[in-house]
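Down below is the structure, laid out as structure tokens.
The values are calculated or read from the model by the stated rules, or taken from the named source; none is laboratory data. Note that this is a predicted model, so its numbers are computed, not measured. Because the Cβ atoms are built from the backbone with ideal geometry, glycine has one as well, and the counts that use them run over all protein chains shown.
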Ligand code: DP6
């Protein structure tokens with residue numbers, strides 16, 4: 001079965017043959033959550049395999065997920081992918097990269113057997129997300145982790161193969177395979193076998209909350225893939241960032257173990273700001289934050305100052321949307337404070353009120 005508590009699955013299989021002698025199709029449905037990085041993955045040392053330059057750390061956000069169905073037909077046909085009802089281009093896409101890898105593995109496996117039926121495999125994916133896709137909200141992470149999970153169920157792949165497929169789709173997807181606090185190790189082996197994710201033990205922190213502030217639902221200006229490659233090619237600050245990631249991850253994990261929210265929150269904000277500094281150091285610069293994002297940053301710092309300790313943290317991925325981490329007893333007070341402050345804010349007033357009033361999504365890690 002499914003190794004993570006937050007992933008539900010069903011697998012219908014037809015092992016038999018159809019009256020025409022074809023193998024029956026197999027269908028699998030899973031639900032896999034997104035993850036938001038606390039120490040960001042930014043920069044690859046292998047672009048085709050999505051192998052990172054640095055270790056990264058994330059929290060899996062259970063209530064935001066992709067529900068994905070994969071149907072495998074054993075016949076020749078065109079692969080198809082539909083996300084939230086919209087057909088995606090498959091030719092030349094990451095989906096195709098994943099599908100081709102599976103076909104390659106299956107051909108290799110079949111070569112050793114008496115292949116009654118040649119390896120003709122057609123993939124059909126339909127996926128629904130309960131959050132906006134492509135707005136820097138890690139939709140590809142949930143989506144590709146779900147596809148990898150389905151592929152494992154249907155083809156009986158090992159956990160290592162599942163991780164490889166998720167990563168091939170999107171690097172950050174490798175972390176969504178696990179729940180709680182998850183570290184993706186960059187790996188040192190030449191075959192990348194050890195570039196895998198692992199769950200940090202005892203991550204149950206029931207009062208921990210994540211608030212996602214959807215600042216902009218639109219598509220991002222530069223994809224993470226293109227953005228991080230541009231950073232690798234042009235930023236001199238990136239090298240320094242990479243040197244610090246392991247230490248910062250250790251600090252956050254230690255703070256997490258001690259349930260030391262302030263220490264953890266401080267490191268989360270530092271990594272987010274460091275990451276966006278590196279984005280600004282890219283040429284031309286990657287400007288993922290907008291005025292509303294910066295207003296949120298200011299509000300969080302003012303609130304923490306008013307409190308006398310760090311009780312709330314923000315982090316921003318490759319887009320303007322904020323993820324705030326805080327404990328349950330802070331949520332209402334912060335929202336009241338933010339609403340009141342924003343009423344007096346001169347800039348972006350209506351936009352921000354809309355976010356806080358209607359689009360706020362509260363999520364809980366497990
Ligand atoms: C800023 O995993 O989307 O969200 O491997 O090219 O698909 P590819 O990139 P992707 O990058 C995520 C970048 C990030 C930080 C993170 O999630 O660690």
Which residues, counting only those in the stretch 189-228, are over 18 Å from the mean Cα position of the chain (by Cα), over 26 Å from residue 325 (Cα atoms) and not in a loop (DSSP other than H, G, I, E, B)?
-> none
Residue check: is residue 233 within 15 Å of the ligand (Cβ to nearest atom) and either under 30 Å from residue 202 (Cβ atoms) or more than 22 Å from the chain's Cα centre (by Cα) (or both)?
-> yes
Considering the stretch 215-249 alone, what residues qualify as being modelled with pLDDT under 95 and crowded, with 19+ Cβ neighbours inside 10 Å?
-> 215, 220, 224
In the stretch 271-285, residue farthest from the ligand (Cβ to nearest atom) [restricted to those that are closer than 15 Å to residue 40 by Cα and buried (at least 17 other Cβ atoms within 10 Å of the Cβ)] = 274
Among the numbered criteria (1) modelled with pLDDT under 95; (2) outside any loop (DSSP other than H, G, I, E, B); (3) more than 16 Å from the ligand (Cβ to nearest atom), which single criterion is violated by residue 20?
-> (2)
Selection count, the stretch 250-260, where residues are closer than 12 Å to residue 325 by Cβ and either under 22 Å from the mean Cα position of the chain (by Cα) or buried (at least 23 other Cβ atoms within 10 Å of the Cβ) (or both) = 2
